[in-house]
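The values are calculated or read from the model by the stated rules, or taken from the named source; none is laboratory data. If you're wondering where the values come from, they're calculated on a predicted model, not measured in any experiment. When we count neighbours, we look across all protein chains shown, and the Cβ atoms used for this are built from the backbone with ideal geometry, even at glycine.
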């Protein structure tokens, strides 16, 4: 019975945005306090049921405790303190950083293989496939994955929906404005990689379609997580 | 101003906890017992809500937690930091000035 109460306290504090470190400490200390109240009540001759009731009464309700923690912004986790920053700008920065790092790895790999590539004939089908794969990964999978991870994280921390949704839309828009070209060839010029960002009136439609596809892919895990949460809550009622 | 004295009492729990910790390191249950005993139940600090207050003081650098094993359980003891001592001195001074002021008013009203 008491385990259920402390588990509820842990969930409530996490939902209130309290940092995991403070949640662990709070549950540990409140539980220890409860056991000492219980021992003191038993030593005074109360039976177990009355001792438990007395200990719970002395501690106060979980709701009161959670309210007191929630009223202290300094105890909240960073993402809960600055949700606008964490779920809109940090995903954008993460996407740019991961893309730059992945491109550096790609360039380094091609450079290492250049001696081998000079003597190799690469069929045009492979070149086309590589070019498409790099575009799909950099402009589709990577932004969708990063946006989805941040959106699910926001949902777990019970952040207002507007921030992860704004983050997904911003990241999708940015990814649609970026162009990545990768050409892997053998012989004299073993490969080229290039990236650029810009808006072209001629490609507004295709850029919008790309943005929508990325946004849709990133919103799906968030939608699944929200549905699951609603079902679990309904089952508990 | 509320009639239950809550605004008057704001800051008092922090003063009391800091004063107790100035004597020695203590853990939550000990602090709650000491407050009850020393004030003869005149000052009620909700036992559970002591922890958000302690964690808040820690976040502000006033107290420092130390984990120790006690009877097989991990227990968090709190000690005062230098910043906590300075805060205690300020709060004590403010409380004494307010208390003296109120006392002199109550005293003069009593003699009228």
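Numerical summary
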{"read-out": "Top-ranked residue in the stretch A:174-206 [being surrounded by fewer than 19 Cβ atoms within 10 Å (Cβ to Cβ) and part of a helix (DSSP H, G or I); ranked as modelled with the highest pLDDT]", "value": "A:174"}
{"read-out": "Residue in the stretch A:100-116 that is modelled with pLDDT of 90 or more and more than 14 Å from chain B (Cβ to nearest Cβ) present", "value": "yes"}
{"read-out": "Boolean, residue B:67 is within 12 Å of chain A (Cβ to nearest Cβ) and over 22 Å from residue A:17 (Cα atoms)", "value": "yes"}
{"read-out": "Residue in the stretch A:25-41 that is more than 19 Å from residue B:28 (Cα to Cα), touching a residue at least 12 places away in the same chain (Cβ under 8 Å), within 14 Å of another protein chain (Cβ to nearest Cβ) and surrounded by 19 or more Cβ atoms within 10 Å (Cβ to Cβ) present", "value": "no"}
{"read-out": "Breaking point among (1) more than 13 Å from chain A (Cβ to nearest Cβ); (2) farther than 20 Å from residue A:68 by Cα, for residue B:43", "value": "(2)"}
{"read-out": "From B:68, B:64, B:85, residue being assigned to a strand (DSSP E or B) and in contact with a helix residue (DSSP H, G or I) (Cβ under 9 Å, 6 or more places away or on another chain)", "value": "B:64"}
{"read-out": "Among (1) under 21 Å from residue A:64 (Cβ atoms); (2) assigned to a helix (DSSP H, G or I); (3) in contact (Cβ under 8 Å) with a residue 40 or more places away in the chain - the single one residue B:58 does not satisfy", "value": "(3)"}
{"read-out": "So residue B:51, is it modelled with pLDDT of 90 or more and assigned to a strand (DSSP E or B)", "value": "no"}
{"read-out": "Qualifying residues in the stretch A:97-118 (those that are surrounded by 13 or more Cβ atoms within 10 Å (Cβ to Cβ) and within 21 Å of residue A:168 (Cβ to Cβ)) - the one nearest to the chain's Cα centre (by Cα)", "value": "A:98"}
{"read-out": "Identity of the residue in the stretch A:45-79, more than 11 Å from chain B (Cβ to nearest Cβ) and outside any helix (DSSP H, G or I), that ends up modelled with the lowest pLDDT", "value": "A:77"}
